[in-house]
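Novice: The structure is given below, and queries will be raised subsequently.
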Amino acid sequence: MAAGGAPAVLIEVFGCQMNVVDAELVLGRFAALGFARSTAYDDADVVVFTTCSVRGHAEERVYSRLGALRRWKAERPGRVLAVMGCMAQREAQRITRRVPHVDIVCGTRDFPALPDLVERVRAGRAGPRPLVLVDGRERPDAARRPEARLRRRQAYVAIMRGCNRACAYCVVPGARGREVSRPLEEVAGEVQALVAAGVVEVCLLGQTVNAYDGQERGAVTLGTLLRRLEGVRGLRRLRFITSHPASFDADTLAAMAESSKLDRFLHMPLQSGSDRILKAMRRGYTLERFRAVASRVRALIPDMRFGCDWIVGFPGESEEDHGLSLAACEELRFVQSFVFKYSPRPGTFAAEHLADDVPIEVKKRRHRELLLLQERISLEENLALRGRIAEVLVEGRSRLDPAKWSGRDAAHRIVVLDDDRLAEGALCSARIVDATALTLFGEVESLAEAPA
Ligand code: SF4
C-alpha cells in the first residue's frame, strides 16, 4: 500500500520497447483507478509482469521469477499477481498450470482490461482463478495518460501493432497478430500530449515500423507521419524502430532526408549475409536488396548510421554462410549489432519444419566471432570521432559511473559526460575526447537547452 493508503501496483518489464509502452499504457489505467505506482515489492498490492516470448530462456526467467512470488502473495492476503505480454498470449494455459498462484493472464491486445480485472479480484467479485483474457478485442493505445511514463524526457509511441510478415523463426505474428496501424492524427495527438508533458525525444514503435499506413494504405506512409511530427514544437529528437529492409518506400526515405528532428541512426536487421539462409528464414530480401536500401539511405542522409540484428546457427547454416555474414558485417560497418544464437520457438515454421542441426558449440563460436568483429568495427568508428563535436541528449546518470551523466548522440551512441550543469533531458554540444567500442567520452562545450 502506498503512502496515503492508495493501493500500489508494481510493474516489471521484460523484453522489447513495445512492452515498455504497454507497461506505461496499463499504468495509466491503474492510475485512473486510484492506484499509485510502486517500485518495492514489499509495498505492492499488485504485481504485473509484461513478458517476452522471443527466446526460450526469456520465458524460463519469467517462470522462475513468478515461482519466487508465491511467498510474496502468501505474506499478505489480497495481493494480486498478473502476467501480460507475448508469453501470456502464447502460453496462457501453460502459465496457469506451471504457476497456479498467478491470478490473471492478459494477452497482447487485452491488457487495457487488466486494471478492472484486478479490481474485481481485489473485491472478491472475480469467481474462480486464474482469469485468462487473450482474445484481443481491446484497442491498446486508446486513451494514453502522458504522465504515466517510466522515463521523464523520452517516450516510446506505438504507431502500429502486429506483423504481416512470417519470418521462419519468429513468434511475433503469433503473439501480436496482424498489422494494425494507428490513425495519423491519433498518433500526432499523443506525441503532442507527451511533449506538452515534458518529453523531448520520441521513438516511434512497430514490429515493421516502416510499413506504417495510418489505416489509409497508399495515402499515408511513415513519411507522412514524420512530416506531420516535424511541426511539433518542443520535440527535439525523433526516431523509429524496427525497420524491415523490404518495407521502405520512396516517400518515407524522402521525408527522412527532409527531417530536422530525425536521429541519424537506423536499426535495420539483416540477420544473415547469406542469401540461401535469408531465403530459409523467409526474410523477404537478399543481401543485394539490403545493400541497395542502405546505400540509398546513405546517399540521401550521408551521416546516417546503422544498427543490425543477426541470427547465427540457423538450421542448415554452413561455415560458408557464416563467412558471408562476417563479410557483410565488415562491408556494411554497422555502429552496433545484436547477435543471437538460433533457438527453435514452438509454433514457428522453423521449429516445425527445419532441424536445429547446428551444434551449440558451433553456434557459440560463430556468435563470438560476429560479436568480436562488430566490437572491432565499433571501436574503429568510435575512435575516429575523437575531437569531433556531438549533440548529446542527456538520459540520466551513467551506469558506468553514477557521478557522471550518460546521454546519446544523434547516431544513438552512448556518450558519458562529467558536468554539473547537466540534468536528465538536457541537450548539449560535447567534444569527444575518448572512446571504447560501446561508449564515447565527451567534454561539454555548450549547453544547447537546459531542461525545464
Ligand atoms: S518482420 Fe519478421 S522478425 Fe520482424 S516481427 Fe515480423 S515476423 Fe518477426
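Novice: Over the chain, what is the relative contact order in percent, taking alpha-carbon pairs closer than 8 angstrom and at least six residues apart?
Specialist: Relative contact order here is 9 percent.
Novice: Tell me what the chain gives for mean residue ellipticity at 222 nm when only DSSP H runs of n ≥ 4 count, each as -39,500 (n - 2.57), the sum divided by the residue total, rounded to 500 deg cm²/dmol.
Specialist: -11000 deg cm²/dmol
Novice: At what distance in nm do the modelled label points of Arg217 and Arg397 sit from each other, each positioned 7 Å from its Cα along Cα→Cβ?
Specialist: According to this spin-label approximation, the distance is 5.0 nm.
Novice: Accessible area per residue, 1.4 Å probe, Å², for the stretch 389-449: what's the number?
Specialist: That works out to 47 Å² for each residue.
Novice: Let me ask something else. If you scale each eigenvalue of the Cα gyration tensor by 5 and take the root, what three semi-axes come out for the stretch 316-355, rounded to whole angstrom and sorted largest first?
Specialist: For the stretch 316-355, the ellipsoid semi-axes come out as 25, 14, 7 Å.
Novice: Stokes-Einstein diffusion coefficient for the chain at 4 °C in a medium of 1.567 mPa s, Rh from the Kirkwood formula over Cα pairs: what value in µm²/s?
Specialist: After rounding, the answer is 55 µm²/s.
Novice: Whole Å is fine, so just give me how far the alpha carbon centre of the stretch 255-316 lies from that of the stretch 341-382.
Specialist: The distance from the Cα centre of the stretch 255-316 to that of the stretch 341-382 comes to 17 Å.
Novice: Here's another thing I want to ask about it. Using a 1.4 Å probe and counting only protein heavy atoms, arrange Glu331, Glu147 so the residue with the most accessible area comes first.
Specialist: Glu147, Glu331
Novice: Just how many pairs of Lys in the chain have C-alpha atoms closer than 28 Å, counting pairs that are eight or more places apart or on different chains?
Specialist: Lysine pairs meeting the criterion: 6.
Novice: Then there is this: Using unit Cβ charges (K, R positive; D, E negative) and no other charged atoms, how large, in debye to the nearest 20, is the dipole of the stretch 154-381 about its Cα centre?
Specialist: 340 debye
Novice: Over the stretch 255-348, what lengths in whole Å, largest first, do the semi-axes of the equivalent ellipsoid take, defined as the square roots of 5 times the eigenvalues of the alpha-carbon gyration tensor?
Specialist: 27, 14, 12
Novice: Rg and Dmax of the stretch 63-131, using alpha carbons, in Å: what are they?
Specialist: Reported Rg and Dmax, both Å: 11.5, 31.
Novice: Can you list the cysteines of the chain that have no other Cys Cβ under 4.7 Å away?
Specialist: Cys16, Cys52, Cys86, Cys106, Cys163, Cys203, Cys308, Cys329, Cys428
Novice: Report, largest value first, the span of the C-alpha coordinates of the stretch 389-449 along each principal axis, in whole Å.
Specialist: Result, largest extent first: 28, 23, 17 Å.
Novice: Here is a further query. I'd like the Kirkwood hydrodynamic radius of the stretch 295-343, using the inverse of the mean 1/r over distinct C-alpha pairs, in Å.
Specialist: The answer is 12.2 Å.
Novice: Pull out a ≥ b ≥ c, the square roots of the eigenvalues of the alpha-carbon gyration tensor of the stretch 114-249, then state rounded if a/c is under 1.5, prolate if not and a/b is larger than b/c, and oblate in the remaining case.
Specialist: oblate
Novice: If I model the stretch 321-452 as equal point scatterers sitting on the Cα atoms and use the Debye formula, what is log10 I(q)/I(0) at q = 0.10, 0.12, 0.18, 0.21 Å⁻¹?
Specialist: Computed log10 I(q)/I(0) values: -0.47, -0.61, -0.92, -1.10.
Novice: Sorted from largest down, what three extents in whole angstroms do the Cα atoms of the stretch 154-381 have along their principal axes?
Specialist: Result for the stretch 154-381: principal-axis Cα extents of 53, 41, 30 Å.
Novice: Could you sort Glu380, Glu361 by accessible area so the largest value comes first, with the probe set to 1.4 Å?
Specialist: Sorted descending by solvent-accessible area, the residues read Glu361, Glu380.
Novice: Okay, next question. Averaged per residue, what accessible surface does the stretch 154-381 expose to a 1.4 Å probe, in Å²?
Specialist: With all protein chains present, the stretch 154-381 gives 39 Å² per residue.
Novice: By accessible area of protein heavy atoms, probe 1.4 Å, what ranking do Lys73, Lys341 get, highest first?
Specialist: Lys341, Lys73
Novice: Using a Debye calculation, one point per C-alpha and no hydration shell, please list log10 I(q)/I(0) for the stretch 3-133 at q = 0.13 Å⁻¹ in order.
Specialist: -0.46
The values are calculated or read from the model by the stated rules, or taken from the named source; none is laboratory data. Given the structure is predicted, the values throughout are model-derived calculations rather than measurements. Ideal geometry is used to build each Cβ from the backbone, glycine not excepted, and the neighbour counts take in all protein chains shown. The protein model used for the area step is the full one, side chains on, heavy atoms only, and it has no ligands, DNA or RNA in it. Shrake-Rupley method; radii C 1.70, N 1.55, O 1.52, S 1.80 Å.
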